[in-house]
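Report on the structure given below.
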Amino acid sequence: VGRLIASADAALFNGKENGGNSVTLHLVDDGDDSCSSLSTFGVLDALVTAIDHKDHYTRAHSEDVTRYALMLVSALGCSEKTMDIVRVAGLLHDVGKIGIPTSILRKPGKLTDEEYEVMKSHVTLSALIIHGLPHLSDILDGVAHHHERYDGKGYPRGLKGEEIPQLGRI
C-alpha cells in the first residue's frame, strides 16, 4: 500500500509540474522485473486496443507495417533484439492517432490542407506518448520518424537520407 500511495503522489507531482493539464502514467515498481514487464505489456495492449476502438483501419495498417518491417530487418540480418524493437515500433507507430478527431481520421475522401496538418500531428503525438512510457525508449526513433522521406519531403522535420534514424527508415 505504501508503494501505491508513493506512486500516486509521484504521478500527482509530475502532473502539477507539467502544468496541471496532463495525464500522467506512473507505474508502481516493486523491483520485480517480471512485474514491470507485465505492466509494460498491459500498457502496450491497452494502447493497441485503444487504437483499434478509435479506427479499425489503423490497427490493420500497423500489423501490416510490422509484418513488412520484420521481413526487412530479417533480410538485413539484424539481431533478435532489433526484431523485438521493430515489432513494438510497428504496432505503436500510429498510436498518436488516438488524439486525432474522428471526423478527420475517418473522413472519406481527401482531407483539406488544415485537416492534413492536424493528421500529420499524429507523429508528434505518438512520440510524446511513447516517450512517457517505461521501457519503450528504444522504439522512439521508429515512431518519431516514420513519415520522414529519403528525399527530405516527409514530416515532421523534413529529414532526408542518412539524417533519418535507421529505425525510422525501416
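The values are calculated or read from the model by the stated rules, or taken from the named source; none is laboratory data. Worth saying up front: this structure is predicted, and the values here are computed from it rather than measured. Cβ sites come from the backbone with ideal geometry, for glycine too, and all protein chains shown count toward neighbours. Ligands, DNA and RNA are stripped out before the accessible areas are found, and what is left, the full protein with its side chains, is counted by its heavy atoms. Shrake-Rupley method; radii C 1.70, N 1.55, O 1.52, S 1.80 Å.
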Selection count where residues are assigned to a helix (DSSP H, G or I), modelled with pLDDT of 95 or more and not β-branched (Val, Ile, Thr), scope the stretch 81-121: 7
Mind checking whether some residue in the stretch 127-135 is closer than 17 Å to residue 50 by Cβ, in a helix (DSSP H, G or I), out of contact with any Lys or Arg (no Cβ under 6 Å at 6 or more places or on another chain) and in contact (Cβ under 8 Å) with a residue 60 or more places away in the chain? yes
Single condition residue 22 does not satisfy, out of (1) among the hydroxyl-bearing types (Ser, Thr, Tyr); (2) under 27 Å from residue 116 (Cβ atoms); (3) open to solvent by 70 Å² or more (accessible area, probe 1.4 Å); (4) modelled with pLDDT under 75: (3)
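Per-residue answers, yes or no, for (1) open to solvent by less than 40 Å² (accessible area, probe 1.4 Å); (2) farther than 18 Å from residue 145 by Cβ; (3) without any contact (Cβ under 8 Å) to a residue 60 or more places away in the chain:
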site	(1), (2), (3)
69	yes, no, no
72	no, no, no
77	no, yes, yes
80	no, yes, yes
102	no, yes, yes
112	no, yes, yes
120	no, no, yes
123	yes, no, yes
Would you please list the contacts, defined by Cβ atoms under 7 Å and residues six or more apart or on different chains, that run from a residue in the stretch 159-170 that is in contact (Cβ under 8 Å) with a residue 24 or more places away in the chain to a residue that is assigned to a loop (DSSP other than H, G, I, E, B) and surrounded by 14 or more Cβ atoms within 10 Å (Cβ to Cβ)? 165/145; 168/145; 168/146; 168/148
Among residues of the stretch 29-62 being open to solvent by 60 Å² or more (accessible area, probe 1.4 Å) and touching a helix residue (DSSP H, G or I) at 6+ places or on another chain (Cβ under 7 Å), the residue modelled with the highest pLDDT is 59
